[in-house]
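What follows is a short report on a single structure.
Please treat every number below as a calculation from the coordinates, not as lab data. Every value quoted in this text rests on a predicted model; they were computed, and no experiment measured them.
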Amino acid sequence: MDALKLQKRIQQNLRSPKGDLLVELTAGSFLLSIFACIAVHVGLLIYGAFMNDTACRDAARAAAQGNTAAQATTLAQTILISHKQNTTTYVGSPVLQTPIVYQDYGGNPPNTQTSPYVQLTTKTTVTLPIKFFSFLKDMFTSDQNLTFTATYEFPIVKVK
């Protein structure tokens with residue numbers, strides 16, 4: 001009889017495993033929210049870099065069609081208008097960094113296998129929406145803006 005009472009008392013002192021699920025759910029939800037924030041940031045950064053790269057390549061290709069540096073700049077700015085971002089407040093529109101390099105060698109390129117070219121740079125700013133990661137403030141400015149730049153060089157199509 002003493003063994004039966006002892007066994008019953010041991011069973012009463014053991015904890016119920018019903019509360020373990022609540023601890024796992026809380027920890028999992030916390031980690032999931034952190035991973036979701038990171039995924040949003042990385043997604044915006046990838047989109048901003050890709051969009052800036054595409055806009056710069058298109059603008060440089062258009063600038064290569066110009067006959068002068070002024071015409072090449074106008075063509076590049078016209079193309080960048082088509083890449084303007086109206087849908088999101090987090091990814092800025094690409095901006096042309098002036099002056100562009102328009103090297104036509106005065107119509108007489110040197111004999112060193114060098115062709116006339118136009119080179120331009122665009123810049124896009126991405127603002128990270130979640131200011132949750134304040135411990136990463138050394139990587140970002142105070143308002144968590146990141147700037148992407150892209151530079152492309154294309155041969156000039158129409159030489160004087």
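Starting from the amide H of GLN85, placed 1.01 Å from N in the peptide plane, find each other amide H under 5 Å away whose residue is 5 or more places distant or on another chain. The list, which skips near neighbours in sequence, is SER93.
In sequence order, segment 89-97 has phi-based couplings of 8, 9, 10, x, 6, x, 10, 7, 8 Hz under the Karplus curve 6.51 cos²θ - 1.76 cosθ + 1.60, θ = phi - 60°, and Gly or Pro positions carry x.
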